[in-house]
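Below is one structure, written out as structure tokens; the observations come after it.
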Amino acid sequence: MKILVCVSKTPDTTAKIAFINGNTKFDETGVQWIINPYDEWYALVRAIELKEKDPSIIIHLITVGLADCDPIIRKALALGGDEAIRVNADNSDSYYIAAQIAGVVKKNNYDLILTGKETIDYNGSSIAGMVSEMVDAPYVSLATLFELNGTTATITREIEGGEEIAEVSLPVVVSCQKGVAEQRIPNMRGIMAARTKPLQVVEPAPIDALTSIVNYELPPAKAGVKLVSPDNVAELVRLLHEEARVI
Amino acid sequence: MVLIFIDHIDGHIKKASYEVLTYGAKLAEQMGTTAEALLLGTVNDDLASLGKYGIKKVHQVSNETLNHVDAQLYAKVIAEAVTATGADVVVFSHNQTGKAVSARTAARLKAGIVAGACALPDTGNGFIVRKTVFSGKAFANVSINSPIKVISLNPNSYKTVAGEGTAEVVALNVAVDPSKIKITAVNKVSGEVPLTEADIVVSGGRGLKGPENWGVLLDLAHELHAATACSRPVGDAHWRPHHEHVGQTGVQIAPNLYIALGISGAIQHLAGVNRSKVIVVINKDPEAPFFKAADYGIVGDLFEVVPKLTEEIKKLHAGG
């Protein structure tokens with residue numbers, strides 16, 4: 001069985017968000033890069049857990065990005081991926097990225113494709129759905145539990161105000177969130193082994209991007225907190241009712 | 001034409017759908033075109049009355065298979081409806097269903113998508129949609145450059161406005177394949193306000209000291225008809241169920257009012273709640289970083305302050 005885990009490079013969750021070049025480019029000064037937490041903690045770790053139960057499983061990783069993604073791919077390999085593919089392209093359009101991934105999927109015939117539910121930078125939740133369409137596979141989004149029995153997956157997914165339990169035959173595309181697995185830290189053996197695992201760099205297929213980012217904006221700064229005395233809770237209720245008009 | 005996707009559950013149209021109906025109708029007006037709606041499956045609500053949100057027609061594919069969301073079937077049916085109706089903009093809510101379906105539909109239509117939009121597009125020169133990025137810490141203005149455009153609108157980011165009007169309900173005949181996904185169980189959290197649809201959310205952190213102390217929070221939430229949430233340490237310690245965890249790696253919400261009790265406000269927590277319109281922080285530590293992101297705050301012992309707050313709100317609701 002072959003599993004493909006899609007990973008993305010994102011700024012660390014505590015990174016300062018600022019923009020340069022007339023607000024057209026993210027300011028990378030001093031930014032620590034990480035594997036998108038949803039891709040790592042949930043999608044990748046679940047794939048590794050499945051491989052621990054069935055060592056015949058092969059885990060491939062894929063990312064669409066330039067050479068500056070290599071450190072996070074090595075980290076993903078250190079956690080437990082077998083091989084990695086990097087499509088050498090820099091593009092923020094989700095259709096473009098999904099089409100690059102779908103191209104690799106069609107060549108390698110994966111049984112299971114896992115992604116995080118979204119990236120913490122663009123927050124699109126789009127790649128898994130698009131890849132599933134491009135390869136004509138079923139798609140289960142926002143998974144909170146994932147079990148595999150032979151070639152049938154049992155997946156719990158979030159719906160409005162609850163959850164749904166779904167059974168589906170492989171191949172399937174699944175986007176993962178909290179609950180699917182728990183965060184892990186790579187060990188020294190994994191880090192050493194990752195150095196020699198294959199990282200294949202492929203050139204992108206000619207795909208037209210359908211969107212482009214014009215510029216970025218930061219939200220206006222908050223006016224500052226209005227503090228109310230703990231002895232005058234009635235004043236807080238008055239402010240929420242009359243000033244903020246939210247109750 | 002702007003085609004608006006209507007989402008429903010248990011026979012009823014979701015609140016988020018009224019937001020996208022209002023948004024889509026306004027967009028159509030701005031573009032000098034008409035707005036129509038699309039509903040897959042069956043509901044108990046009166047579809048003709050959706051005209052009051054400014055739409056002319058509701059297309060319905062009334063096939064019971066579609067009462068469960070299967071992204072593969074939905075994308076195919078919606079794409080066929082787009083072609084049949086000649087729509088050039090498709091609007092979804094970026095709720096759980098939208099996240100499952102909008103991008104897949106866009107891929108099928110080879111349409112550019114802005115997922116997580118938070119304002120009406122600028123159609124003056126091109127088609128530029130504002131969306132939240134970096135988990136609510138910034139916005140990006142994104143140009144869609146394809147003939148068909150797809151927008152997935154963040155819940156709670158556009159105010160519903162209802163006027164007068166009746167829509168024509170039209171049956172749309174589209175072949176529906178059998179689903180490859182078998183739903184074996186649906187578990188609803190009953191009697192509670194769904195977190196992502198709530199106007200008011202009351203949330204608790206480690207400052208509550210233990211699950212046995214949640215009563216003060218639940219009383220306040222009950223009085224406000226609010227949904228309840230918690231911080232990551234609370235979810236991890238199983239004081240509260242996982243689905244209540246809001247933050248960067250939990251649920252992201254944007255209610256009108258977010259009340260944080262005993263939560264320090266780590267940057268990862270703020271990433272899940274910073275799109276809330278008004279934030280109230282109650283914490284005994286005046287140095288808690290959350291106060292910097294708050295609109296209103298009380299520095300004090302929540303076990304004393306919160307019961308008083310509940311009492312005051314009771315008085316307000318009693319017309320005091």
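When the strands (runs of 3 or more DSSP E) confined to segment B:1-117 are screened for residues that are in contact with a helix residue (DSSP H, G or I) (Cβ under 9 Å, 6 or more places away or on another chain), in the same structural domain as B:Glu164 (by TED's automatic domain parsing) and farther than 30 Å from A:Asp121 by Cβ, those reaching at least 1 such residues are found at B:2-6, B:35-40, B:57-61.
Condition check: within 14 Å of chain B (Cβ to nearest Cβ), in a helix (DSSP H, G or I) and either open to solvent by less than 10 Å² (accessible area, probe 1.4 Å) or farther than 16 Å from A:Ile35 by Cα (or both). Does A:Ala99 satisfy that? Here the answer is yes, as A:Ala99 does meet what is asked. The residue that is nearest to the other protein chains (Cβ to nearest Cβ), among those in segment A:187-216 that are among the basic types (Lys, Arg) and open to solvent by 50 Å² or more (accessible area, probe 1.4 Å), is A:Arg189.
This table checks each residue for (1) of a type in the set (S, T, N, Q); (2) more than 23 Å from the chain's Cα centre (by Cα); (3) not in a strand (DSSP E or B).
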| position | (1), (2), (3) |
| --- | --- |
| B:Ala254 | no, no, yes |
| B:Ala260 | no, no, no |
| B:Gln268 | yes, no, yes |
| B:Arg275 | no, no, yes |
| B:Asp285 | no, yes, yes |
| B:Gly297 | no, yes, no |
| B:Val305 | no, yes, yes |
| B:Lys315 | no, yes, yes |
| B:Gly319 | no, yes, yes |
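Within segment B:286-308, the set of residues being closer than 28 Å to A:Ile120 by Cβ and out of contact with any strand residue (DSSP E or B) (no Cβ under 8 Å at 6 or more places or on another chain) comprises B:Glu287, B:Pro289, B:Lys292.
Are any of the residues in segment B:7-26 of a type in the set (Gly, Ala, Ser), surrounded by fewer than 24 Cβ atoms within 10 Å (Cβ to Cβ) and over 26 Å from B:Ile128 (Cα atoms)? Yes; the residues of segment B:7-26 include at least one that is of a type in the set (Gly, Ala, Ser), surrounded by fewer than 24 Cβ atoms within 10 Å (Cβ to Cβ) and over 26 Å from B:Ile128 (Cα atoms).
Please work out which residue is farthest from A:Glu167 (Cα to Cα), limiting yourself to segment A:104-130 and to residues that are assigned to a helix (DSSP H, G or I) and open to solvent by less than 30 Å² (accessible area, probe 1.4 Å). Across segment A:104-130, the extreme among qualifying residues is A:Val104.
Quick grid of which residues meet (1) surrounded by fewer than 17 Cβ atoms within 10 Å (Cβ to Cβ); (2) more than 7 Å from chain B (Cβ to nearest Cβ); (3) modelled with pLDDT of 95 or more:
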position	(1), (2), (3)
A:Thr154	yes, yes, yes
A:Glu160	no, no, no
A:Pro171	no, yes, yes
A:Gln177	no, yes, no
A:Arg184	yes, yes, no
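Identification of strands (runs of 3 or more DSSP E) wholly contained in segment A:131-195 with 1 or more residues that are among the basic types (Lys, Arg) yields A:152-159. Test B:Thr83 against the stated conditions and say whether it is within 20 Å of A:Ile159 (Cα to Cα), open to solvent by 10 Å² or more (accessible area, probe 1.4 Å), more than 14 Å from every other protein chain (Cβ to nearest Cβ) and out of contact with any Cys (no Cβ under 7 Å at 6 or more places or on another chain). No, not satisfied. Do the conditions hold for B:Arg104, that is, is it charged (D, E, K, R), in contact (Cβ under 8 Å) with a residue 24 or more places away in the chain, at the interface with chain A (Cβ under 8 Å from one of its Cβ atoms) and out of contact with any Ser or Thr (no Cβ under 8 Å at 6 or more places or on another chain)? Criteria not met by B:Arg104. All conditions but one from (1) buried (at least 22 other Cβ atoms within 10 Å of the Cβ); (2) in a helix (DSSP H, G or I); (3) away from every other protein chain (no Cβ under 12 Å) apply to B:Gly207; the one that does not is (1). In this structure, is B:Lys292 at the interface with another protein chain (Cβ under 9 Å from one of its Cβ atoms), part of a helix (DSSP H, G or I), without any contact (Cβ under 8 Å) to a residue 12 or more places away in the chain and surrounded by fewer than 24 Cβ atoms within 10 Å (Cβ to Cβ)? When the stated conditions are applied, B:Lys292 does not pass them. Within the set B:Ile279, B:Ile263, the sole residue that is buried (at least 18 other Cβ atoms within 10 Å of the Cβ) and within 16 Å of B:Asp199 (Cβ to Cβ) turns out to be B:Ile279. Within segment B:112-142, the set of residues being of a type in the set (Gly, Ala, Ser) and more than 7 Å from chain A (Cβ to nearest Cβ) comprises B:Ala117, B:Ala119, B:Gly124, B:Gly126, B:Gly136.
Here's the yes/no breakdown for (1) open to solvent by less than 30 Å² (accessible area, probe 1.4 Å); (2) more than 12 Å from chain A (Cβ to nearest Cβ); (3) more than 18 Å from the chain's Cα centre (by Cα); (4) of a type in the set (A, V, I, L, M, F, W, C):
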| position | (1), (2), (3), (4) |
| --- | --- |
| B:Ala162 | no, yes, yes, yes |
| B:Asp177 | no, no, yes, no |
| B:Val189 | no, no, no, yes |
| B:Ala198 | yes, no, no, yes |
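Among the conditions (1) within 9 Å of chain A (Cβ to nearest Cβ); (2) under 19 Å from A:Leu236 (Cβ atoms); (3) buried (at least 24 other Cβ atoms within 10 Å of the Cβ), the only one that B:His245 does not satisfy is (2).
The values are calculated or read from the model by the stated rules, or taken from the named source; none is laboratory data. Quantities reported herein were computed from a predicted structural model and do not represent experimental measurements. Ideal geometry is used to build each Cβ from the backbone, glycine not excepted, and the neighbour counts take in all protein chains shown. What goes into the accessible areas is simple: the full protein's heavy atoms, side chains included, and nothing from ligands, DNA or RNA. Shrake-Rupley method; radii C 1.70, N 1.55, O 1.52, S 1.80 Å.
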